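Colleague: This is the structure I have questions about; it appears just below.
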Amino acid sequence: MSFPTAPFRGPLAAQLGHVVIRRSGDDALPVAPASDRTVWDPHSGSADRLGLDDIVARAVAERSTPWPHPRASDAARVHRDGDRTAWEDAAFERQRRLSRAAIAAATTLDDAWIDEVVDGIVLLCEQSSWCWPAHDDTRRVHGAVLATVTDPYVDLGAGETVAQLAWIDHLLGAQLDTRAPGVRDRIRYEARVRVFEPFQRRRDWHWIGLDGDVHNWNPWIHGNVIVAALRLLDAAGDAAERDRVIALAIEGLDRYVAVLPADGAIDEGYAYWWNGAARALEVLDILAHATDGAADATAVTSLRETVAFPHRSHLGGDWFVNHADGQAKPPADQPWHALHRAARRHGDTAAAAFAASHRDRGAPAATEREGLGRLLRGLTDPAWVTASPAPPPLPRDVWLASTEVFLARESAGSSDGLTLVAKGGHNGEHHNHNDVGSFLVAVDGVPVIVDAGRPTYTAATFGPDRYAIWTMQSAWHNVPVVRGTAQPEGTDAAARGAAVEIADHGSAFTVELAGAYPDAGLSTWRRRARLDRAAARVEVDDSWSFADGIPTGEDTRLHLLVAGDVTLESGGARVIPRDGARPVRVRWPSDIAAAVEVRDLDDPMLTEVWGERLTRLALPLASRTQLQVTVELDSPIEDHE
């Protein structure tokens, strides 16, 4: 494959122009070093005291235990049995322990904690590869199951590691020089060999998006490279290389911003916003600091709009719209401070309120779960540390035309009652599930007709067997199986004519689904999903016909995936949802004998969201050309014809 040689110029280039770095050394990154006791003193400093106390206490508790050790045999498992978590769990926990030690060192300035940090630094520097084994191309290029140390691969793991070392160097540079002279030179050597040199030498990294396919790796890696370059390319004579690396990273980031739609939607869904668009917003904030405000991208429409994407995806409580590989109930300890900071910078008061709705003044302001850089920024952001909780905005209607995702709830500002979500799109989206035309229903903010999400990642997740995984298949989404045919993957399996109607009495989404079933012989499959606010009812109407005129057979059925306790009744089912939400009744024509299949769950990525099981209802559609399914709060069943 040939790659373009001329520099890419997109919205960032147009807005930022030639970027000139004006801050360096201890001022390179927007966090005070540990020597600034007005920030880091545990008693009088401005850093979040609850966060410092919590992290130091956990660091003390683990201090006498062995450091986690990612093993070669576990790295090789990716190619043997597909398991990637054994190596990753150990590697991630090693880095989190190092982050905790760094906070303890910054808080206490105790030589023993500096030694602990040095131990962690050297462990990372002696780790054969910073690349996560599931991402490395060593098997394809070298025929090896372990990393080839002479040909390092720059991936998410390498980016996270080099940025962590850069933040440690920034936070504790003076203390490291005193306690362990030479260790900072070791950091810079490893950063150059493992990241800066391959980043510049190879320009075929798939995550740059030279082929036009740009996803969340792009801002995540480019952002970490920029952080590392700002801090670690600081020796005499390094300025030219620093500027070259940063210019390449900004150019790569520009490719991401160029394809970010004007409405700011992310086809990977809410869960991936945090490690995609949020990463772009964070590094642009860091660049604004490093350029004394000259690099200001707040006028870029897509960046301004993506700040709103999290609250536009919110169902209520801890629940979110979860198309693609995201969880419907993702971990609650997201880096909300990053959203709060971006919302302040872009002037989005609703997004700032949404972030603040997650600020618990009785809990740490940030955690190490999302990396040291995010931890440091969250602990030392005065506006976030002192933020008061606010109610989430919960907009009444959301229409994201770029991804064809629609949301309607009964009332703005409240998750009470029913919420409808529907989507069109295509089956070639990033982290795609075959789910064109699927819909979700939540009651009191809790999903009851659901998207399962995804199980734990393995080698199969992103390989040729991806769609053998049941959660990825359309047969496990809320769409029909047509003449025994499920939706195939690929951009050609797509919705057509998606449109919305938004009004006070009700809002609706209409779409043509025949294109998502290219081999089913459909002339049309029209779906209309509507929230009737006056009746407090969701109505999903399907109508269809076949090009050959043959009536619908037994091999055509509609599936509904349900979370909660399901009791099948004539003409419907009563469902008691999770999390104490009010019961609902799902209704269909009384002459349809629905089949029930219980799917027992054992994968933690699924059980921590849905519990022990999900239930699939199969509605046979033989001899029909239309069907209505409704969802209402619990009330006696009435016959639906």
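Read-outs throughout are calculated quantities, based only on the coordinates presented, and are distinct from any laboratory measurement. Only a predicted model underlies this, so the values are computations on that prediction, with no experimental measurement involved. Cβ placement follows ideal geometry from the backbone for every residue including glycine, while neighbour counts extend to all protein chains displayed.
Colleague: From Cα pairs below 8 angstrom and at least 6 apart in sequence, can you work out the relative contact order of region 299-397, rounded to a whole percent?
Modeller: It rounds to 29 percent for region 299-397.
Colleague: Can you tell me the 0 to 90 degree angle between the C-alpha axis of helix 111-126 and the longest principal axis of the chain, rounded to 10?
Modeller: Roughly 70 degrees between the two axes.
Colleague: Could I have the simple spin-label model distance between Arg58 and Leu633, label points 7 Å from Cα toward Cβ, reported in nm to one decimal?
Modeller: 3.9
Colleague: What percent does the relative contact order of region 11-385 come to when contacts are Cα pairs within less than 8 Å and at least six residues apart?
Modeller: 21
Colleague: If you take the square roots of the eigenvalues of the alpha-carbon gyration tensor of region 114-182 and sort them as a ≥ b ≥ c, do you get rounded (a/c under 1.5), prolate (a/b over b/c) or oblate?
Modeller: In terms of gyration-tensor shape, prolate.
Colleague: With θ taken as phi - 60° and the coefficients 6.51, -1.76 and 1.60, list the Karplus ³J(HN,Hα) couplings across region 556-570 in order, rounded to whole Hz; mark glycine and proline as x.
Modeller: The phi angles translate into 10, 8, 9, 9, 10, 9, 10, 10, x, 8, 10, 10, 7, 9, 4 Hz.
Colleague: If you don't mind, another one. Would you please name the trypsin sites (Lys or Arg not before Pro) within region 343-385 that are DSSP coil residues with at most 14 other C-beta atoms within 10 Å of their C-beta?
Modeller: Those that pass, being in a loop and sparsely packed, are Arg361.
Colleague: May I pose another question? What number comes out for the charge environment of Leu601, summing +1 per Lys or Arg and -1 per Asp or Glu over other residues with Cβ under 9 Å away?
Modeller: With Lys, Arg at +1 and Asp, Glu at -1, the neighbours total -2.
Colleague: Quick check: residue separation of His505 and Asp137 times 0.36 nm, minus the Cα distance between them. What number comes out in nm?
Modeller: Roughly 127.0 nm would be gained on extension.
Colleague: Might you report the magnitude of the Cβ-based charge dipole of region 11-385 about its Cα centre, with Lys and Arg at +1 and Asp and Glu at -1, to the nearest 20 debye?
Modeller: The calculation lands at about 80 debye.
Colleague: Can you give me the long-range amide H partners of Thr291? Hydrogens built in the peptide plane at 1.01 Å from N, cutoff under 5 Å, separation of 5 or more residues or another chain.
Modeller: Arg22
Colleague: Could I ask something else about it? Treat every Asp and Glu Cβ in region 505-637 as -1 and every Lys and Arg Cβ as +1, leave all other atoms uncharged, and give the resulting dipole magnitude about the Cα centre to the nearest 20 debye.
Modeller: Result for region 505-637 is approximately 540 debye, rounded to the nearest 20.
Colleague: Can you list residues from other chains, or at least 5 along the same chain, whose modelled amide H is less than 5 Å from the amide H of Arg613?
Modeller: Leu601
Colleague: A further question on this structure: Given 0.36 nm per residue, what is the gain on full extension from Thr85 to Ala595 after removing their alpha carbon distance, in nm?
Modeller: Here the segment from Thr85 to Ala595 would lengthen by 180.0 nm.
Colleague: Say each of Trp470 and Arg582 gets a label point 7 Å from the Cα, pointing the same way as Cα to Cβ; how far apart are those two points in nm?
Modeller: Using points 7 Å along Cα→Cβ, the separation is 3.2 nm.
Colleague: Another question, then. I need the fraction of alpha carbon pairs in region 473-599 separated by more than 27 Å, rounded to a whole percent.
Modeller: Cα-Cα pairs in region 473-599 separated by more than 27 Å: 27 percent.
Colleague: Given a cut-off of under 8 Å on Cα pairs at least six residues apart, what relative contact order in percent is computed for region 397-633?
Modeller: Relative contact order here is 19 percent.
Colleague: Quick one: what are the phi-derived ³J(HN,Hα) couplings along region 600-613, Karplus 6.51/-1.76/1.60 with θ = phi - 60°, whole Hz, x for glycine and proline?
Modeller: Using θ = phi - 60°, the values come out as 6, 10, 9, 7, x, 5, 9, 5, 6, 9, 10, x, 7, 7 Hz.
Colleague: Suppose only helical runs count, i.e. DSSP H with n ≥ 4. What mean residue ellipticity at 222 nm does that imply for the chain under -39500 (n - 2.57) per run, divided by all residues and rounded to the nearest 500 deg cm²/dmol?
Modeller: -10000 deg cm²/dmol
Colleague: Assuming 0.36 nm per residue, please report the length gained on full extension of the stretch Ser73 to Ala547 beyond their Cα-Cα distance.
Modeller: This chain segment gains 165.1 nm when fully extended.
Colleague: Now for a separate question. How much net charge surrounds Glu190 when only the other residues with a Cβ under 12 Å from the Cβ of Glu190 are counted, with Lys and Arg +1 and Asp and Glu -1?
Modeller: +1
Colleague: Next up: About its Cα centre, what dipole magnitude does the chain give when the only charges are +1 on Lys and Arg Cβ and -1 on Asp and Glu Cβ, stated in debye to the nearest 20?
Modeller: Once rounded to the nearest 20, the dipole reads 740 debye.
Colleague: Could you tell me the center-to-center distance, by alpha carbons, between region 138-178 and region 39-86 in angstrom?
Modeller: For region 138-178 versus region 39-86, the Cα centre distance is 17 Å.
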